[in-house]
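So the structure is just underneath, and the comments pick up after that.
The values are calculated or read from the model by the stated rules, or taken from the named source; none is laboratory data. Nothing here was measured: the structure is a model prediction, and the numbers come from that model. Positions of Cβ are generated from backbone atoms using ideal geometry, with glycine treated the same way; all protein chains shown enter the neighbour counts. Areas reflect the complete protein model, heavy atoms only, side chains present, ligands, DNA and RNA absent. Shrake-Rupley method; radii C 1.70, N 1.55, O 1.52, S 1.80 Å.
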Amino acid sequence: MKILKKILLALVVILVLFQLVPRPPKNISESASANYISTVHNVPAEVQQILKTSCTDCHSNNTVYPWYSKIQPLAIWLGNHVNEGKHELNFSEFAQYPLAKQYHKLDEINEQVKEGEMPLSSYTVVHTDAKLSPQQKLVLANWTVAAMDAMKAKYPANSLIMKKSN
């Protein structure tokens, strides 16, 4: 029993000391982005709501932080998660992407949502409202296909193909 108490005390001390580690900077932009996806693609209100509820915390320049984001090591984990998500896809900077990257990202959104890869289960465990219903998945799929079709109609086909890097 004495060993268990010592282990618990050590864990408490470690957690308290961990709180002294600086938290990563917050992902909060003061202004609306002039490069948001809706500036270059039609984003109906229903799609915008789905993106807001299920995607933009990790895939935009504005994250709504939960209470536990103030606790280390969760703050570091969340910061890394958001940075990784923004690196993969950032709706706030989407208009700056080259056409081929926009087209590719729309295709990836469609594929990952259909396959249930997004939103991540680690996110939906806590944010249960972010879980996509079959209807919401269909709405997103139809939107991405429509956006890709609009791009195909507007731009030359070769401008929508990602160049292979060496």
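Of the residues that sit in region 49-67 and are farther than 14 Å from ILE37 by Cα and without any contact (Cβ under 8 Å) to a residue 12 or more places away in the chain, which one is surrounded by the most Cβ atoms within 10 Å (Cβ to Cβ)?
Looking at residues that are farther than 14 Å from ILE37 by Cα and without any contact (Cβ under 8 Å) to a residue 12 or more places away in the chain, I get VAL64.
Return a yes/no flag: does region 83-101 have any residue that is in contact with a strand residue (DSSP E or B) (Cβ under 8 Å, 6 or more places away or on another chain) and surrounded by 18 or more Cβ atoms within 10 Å (Cβ to Cβ).
Yes, that holds for at least one residue.
Return the residues of region 79-94 that are under 30 Å from ALA150 (Cβ atoms) and either assigned to a helix (DSSP H, G or I) or aromatic (Phe, Trp, Tyr) (or both); say none if nothing qualifies.
Matches in region 79-94: VAL82, GLU84, GLY85, LYS86, HIS87, GLU88, PHE91, SER92, GLU93, PHE94.
Assess whether ILE76 counts as being open to solvent by 30 Å² or more (accessible area, probe 1.4 Å), in a helix (DSSP H, G or I) and over 22 Å from LEU160 (Cα atoms). Give the steps one after another, and end with the answer.
Details: open to solvent by 30 Å² or more (accessible area, probe 1.4 Å): yes; in a helix (DSSP H, G or I): yes; over 22 Å from LEU160 (Cα atoms): yes.
Spelling it out, ILE76 is indeed open to solvent by 30 Å² or more (accessible area, probe 1.4 Å), in a helix (DSSP H, G or I) and over 22 Å from LEU160 (Cα atoms).
Among the helices (runs of 4 or more DSSP H) lying completely within region 95-166, list those that include at least 3 residues that are among the aliphatic types (A, V, I, L, M) and at pLDDT 90 or above.
99-114, 134-154
Inspect all residues belonging to region 58-75 and state whether any of them is closer than 25 Å to MET151 by Cα, modelled with pLDDT of 85 or more, out of contact with any Ser or Thr (no Cβ under 7 Å at 6 or more places or on another chain) and not basic (Lys, Arg).
yes
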